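J.: First the structure, which I've put down as structure tokens, then a few questions once you've had a look.
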There are 2 protein chains.
Amino acid sequence: MNDLLLRAARLEPIERAPVWFMRQAGRYLPEYRAIREKHSFLEMVRTPELASTVTIQPVELMDVDAAIIFSDILVVPEAMGMQLVFEDGEGPKFPEPIRLYKQIKSLTDKDIVSKLRYVTDAIKLTKEKLNGRVPLIGFSGSPWTLFAYMVEGEGSKDFRYAKQMLYTRKEDAHLLLQKISDAVAQYLIAQIEAGADVVQIFDTWAGVLTPEDFIEFSLGYLIEIVQLVKQHTKRKAPIILFCKGANHSLSEIAMSGCDVISLDWTIDISEAKALLGDSVALQGNLDPAILYTTEEVIEEKVRAIAERMSEPRGHIFNLGHGIAPDVDPHNARVFVKAAKEAYRQKAE
Amino acid sequence: MNDLLLRAARLEPIERAPVWFMRQAGRYLPEYRAIREKHSFLEMVRTPELASTVTIQPVELMDVDAAIIFSDILVVPEAMGMQLVFEDGEGPKFPEPIRLYKQIKSLTDKDIVSKLRYVTDAIKLTKEKLNGRVPLIGFSGSPWTLFAYMVEGEGSKDFRYAKQMLYTRKEDAHLLLQKISDAVAQYLIAQIEAGADVVQIFDTWAGVLTPEDFIEFSLGYLIEIVQLVKQHTKRKAPIILFCKGANHSLSEIAMSGCDVISLDWTIDISEAKALLGDSVALQGNLDPAILYTTEEVIEEKVRAIAERMSEPRGHIFNLGHGIAPDVDPHNARVFVKAAKEAYRQKAE
């Protein structure tokens, strides 16, 4: 097996840094769109055969060093009892957002794993199909990011309702965050038990909180989840935390016990490395907009990251956010190739 | 005159920190909406009598310590030759965004001041009406933020076109940024000559750039503007820089020669103060979403900022971004009152 990702996450010596993309099983691939034309997004998520097919596409088409299971972070709130709607051309929505105490109470963190069996089944099937080629990554949204979606009902610019709950009904907020947290921990444990070699937690909305509130309403729960998952899975699978926009709290994130921190592009990766030392591996950091440019620029920016890291040990190439649907797959391939060659060129 | 803002910007001793809001002359005020119902947004911007009327509204209705001239950052690209369209219910748009070299060449940085005479006239009229009650703040968008609007044609999630130009046609990008920069410098000088007591530069999109690119494509031009404005106005008016999302570069921003740094809410203000010492005054930092909460929470969060600053010297209360249109004016008043009392309570 190509176990570069696992060795990178453990800071073991590696000959080159592995590379994958967030959202790599997605709309930028014509082969994905061909399947998507025949099935709704949620149908694809809920059908292990379809989910595993698109999960493997980028492994074969892009030659990335890891697969990430095709799914969506919002399946967890759905399993907790919320109605989830995906309409074409629009983002996902919860028509009945959580605003009241009785709604929080009515959500469940029980039987999450059985309700999300379609995900663990997709993981098992994907592992079979991958047949050891590359590691498979499982994932979940973070409690805070899921909370924000559940309370807003959809994406938001100002997170008015989510923040209203944090600040005016702190006990309700913590009750809901704790419920989500328990569900996420069970879900990640089940994914690892089903065969996920690595798991990543996406805290996409970390950056809309003050540093103090990030610690209280997001990181506190991430720490709990990391500890629970590690305990219940015998520390088998490395855990990647991606707290977008929370570079103000990198040391605190590193102390969570996670193995890898995934960085957005608003920090120089060499500063993160200097700050965190050997406590965690580092992933990401390339502005996703770079994939809208040219071969030369992509290669130059990838090399710049390798130079800042100085050695492949503890490094995983990735974007600073998900790959955009309108990226030319050729440019994605250029990125993968450049990432694979970056440290080699440097050594020459 | 209530010159608290001027003394705060110069780090002189003050009995309490002044308070104002970004976008305080705006839709959250019923008195503003009453005028807006009868006139288009651009008509209000271009008619000094109307602009000065809404500029003064928050001084009288909210009891803030400064007025900020009612205008829009996009009047500068318009004066440079772009067609600007405001449609109700939508954001502002440039139907013909700048993508080509010949479009950049066709833009002008000449006669900006005469084309924007309606702004300097509005400043003169407002100064008369204010009659020394509070200082008047002039403003402009930063070159990078204006560049992003001009190249995208509207707001953007990924700034695909703006970044494409930065990375694949760097010379064109610098040519355009330099042109905008020259226009902005002239515009700010004219505002100060017309009577603006303070000017603020809004770099709303600073945070979408990597730290390295922020220095090259944004801060470099801000430094140039600060120096030019200071030289040509005999250092008369303090300059406030608001680089939203660029807390990674606070020391560099402070070295620009600006007087005040306006902070978003993703940093603890005491850390900014510890880092920057007496080199600049600090403004802002309150999450604008706090105004969606209650009297108690607003007071608590305002007091927390005062405690972190420890003394009013060098401090200006403000939000970390513009006040939202759906904020209850009562809550805005609670914020102003709390800000005025924050250090007094602390002293007791």
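J.: Assuming 0.36 nm per residue, please report the length gained on full extension of the stretch A:GLU96 to A:GLU212 beyond their Cα-Cα distance.
T.: 38.8 nm
J.: Could you tell me the relative contact order of the range B:94-209? Use alpha-carbon pairs under 8 Å, at least six residues apart, and round to a whole percent.
T.: On the way: 129 pairs, mean separation 51.5, N = 116.
For the range B:94-209, the relative contact order is 44 percent.
J.: Let me ask something else. Just to verify a number: FRET efficiency for A:GLU15 and A:ARG235, C-beta to C-beta distance, R0 = 35 Å, to 0.05?
T.: Working: r = 25 Å, r/R0 = 0.71.
According to the calculation, E is roughly 0.90.
J.: Now, a different point. How much length is gained on full extension from A:MET255 to A:GLU307, taking 0.36 nm per residue of separation minus their Cα-Cα distance? Mind dumping the intermediate values first?
T.: Details: separation 52, 0.36 × 52 = 18.72 nm, distance 2.58 nm.
My answer for the length gained is 16.1 nm.
J.: While we're looking at this one, here's another question. Take the Cα gyration tensor of the range B:4-43, multiply each eigenvalue by 5, square-root it, and list the three semi-axes largest first, rounded to whole angstrom.
T.: So the equivalent ellipsoid measures 33, 10, 6 Å along its semi-axes.
J.: Say the dipole of the range B:4-347 comes from +1 at the beta carbon of Lys and Arg and -1 at that of Asp and Glu; which of B:LEU282, B:ALA332, B:TYR161 then lies farthest toward its positive end?
T.: Among B:LEU282, B:ALA332, B:TYR161, the one farthest towards the positive end of the dipole of the range B:4-347 is B:LEU282.
J.: Just want the ordering: B:GLU300, A:GLU299, from fewest to most Cβ atoms lying within 10 Å of their own Cβ.
T.: Ascending number of Cβ neighbours within 10 Å: B:GLU300, A:GLU299.
J.: Can you pull a Stokes-Einstein diffusion coefficient for the range A:65-220 at 37 °C (0.692 mPa s), Rh from Kirkwood over Cα pairs, as a whole number of µm²/s? Don't skip to the answer; put the middle values down first.
T.: Values: Rh = 16.1 Å.
Using the Kirkwood radius from Cα pairs, D works out to 204 µm²/s.
J.: With r as the distance between the Cβ atoms of B:THR47 and B:HIS330 and R0 = 22 Å, compute the FRET efficiency 1/(1 + (r/R0)^6) and round to 0.05.
T.: Efficiency, rounded to the nearest 0.05: 0.15.
J.: Between B:ALA34 and B:ASP111, what's the calculated FRET efficiency when r is the beta-carbon distance and R0 is 35 Å? Round to 0.05. It would help to have the intermediate numbers written out before the result.
T.: Working: r = 35 Å, r/R0 = 1.00.
In this case the efficiency is close to 0.50.
J.: Tell me, what does the Kirkwood hydrodynamic radius of the range A:4-347 come to in angstroms if you use every pair of distinct C-alpha atoms?
T.: Numbers: mean 1/r = 0.0496 Å⁻¹.
Result for the range A:4-347 stands at 20.2 Å.
J.: For the protein assembly as shown, give the magnitude of the charge dipole about the Cα centre (Cβ charges: +1 Lys/Arg, -1 Asp/Glu; no others), in debye to the nearest 20.
T.: Details: 82 positive and 100 negative charges, 9 e Å.
Roughly 40 debye for the protein assembly as shown.
J.: Expressed as a rounded percentage, what relative contact order does chain B have, with Cα pairs under 8 Å and six or more residues apart? It would help to have the intermediate numbers written out before the result.
T.: Details: 661 pairs, mean separation 79.5, N = 348.
It comes to 23 percent, rounded to a whole number.
J.: Would you mind computing Rg(Cα) / (2.2 N^0.38 Å) for the range B:46-154, counting N as its residues?
T.: Relative to the 2.2 N^0.38 Å estimate, the range B:46-154 comes out at 1.20.
J.: At q = 0.14, 0.15, 0.19 Å⁻¹, what base-10 log of I(q)/I(0) does the Debye formula yield for the range B:157-252 when every alpha carbon is treated as an equal point scatterer in vacuo?
T.: -0.55, -0.62, -0.94
J.: Then there's this: Suppose we look only past 36 Å in the calculated P(r) of the protein assembly as shown. What percent of the Cα-Cα pairs does that tail hold? Could you put the intermediate results ahead of the total?
T.: Details: 104050 of 241860 pairs.
Within the protein assembly as shown, distances greater than 36 Å cover 43 percent of Cα pairs.
J.: While we're on this one: Taking every DSSP beta bridge with both residues inside chain B, roughly what % is antiparallel (nearest 5)? Please list the in-between numbers first.
T.: Numbers: 2 of 25 bridges.
Antiparallel bridges: around 10 percent, rounded to the nearest 5.
J.: In addition: Just list whichever of B:LYS105/B:LYS230; A:LYS93/B:LYS340; A:LYS93/A:LYS115; B:LYS93/B:LYS129; A:LYS115/A:LYS340 have alpha carbons separated by over 30 Å in the model shown. Walk me through the intermediate numbers first.
T.: Working: B:LYS105/B:LYS230 28 Å; A:LYS93/B:LYS340 41 Å; A:LYS93/A:LYS115 19 Å; B:LYS93/B:LYS129 32 Å; A:LYS115/A:LYS340 39 Å.
A:LYS93/B:LYS340; B:LYS93/B:LYS129; A:LYS115/A:LYS340, as the Cα separations exceed 30 Å there.
J.: A further question on this structure: Could you tell me the convex hull volume per residue, in Å³, taken over the Cα atoms of the range A:200-332?
T.: 113 Å³
J.: Same structure again: How much of the DSSP beta bridge set in the protein assembly as shown is antiparallel, as a percent to the nearest 5?
T.: Values: 4 of 50 bridges.
If we restrict to bridges inside the protein assembly as shown, about 10 percent are antiparallel.
J.: Got a sec? How would A:TYR149, B:TYR221 order by Cβ neighbour count within 10 Å, fewest to most? If you can, show how the numbers build up before the last one.
T.: Numbers: A:TYR149 29, B:TYR221 24.
The order, fewest Cβ neighbours first, is B:TYR221, A:TYR149.
J.: Taking only the alpha-carbon atoms of the range A:115-177, what semi-axes of the equivalent ellipsoid follow from 5 times the gyration tensor eigenvalues under a square root, in whole Å, largest first? It would help to have the intermediate numbers written out before the result.
T.: Values: eigenvalues 253, 28, 18 Å².
Working through the eigenvalues yields semi-axes of 36, 12, 10 Å.
No value in this document is a laboratory result; all are computed from the given coordinates. Remember, it's a predicted structure, so these values are computed and weren't measured experimentally. Heads up, the Cβs are rebuilt from the backbone with ideal geometry, glycines too, and the neighbour counts pull from every protein chain shown.
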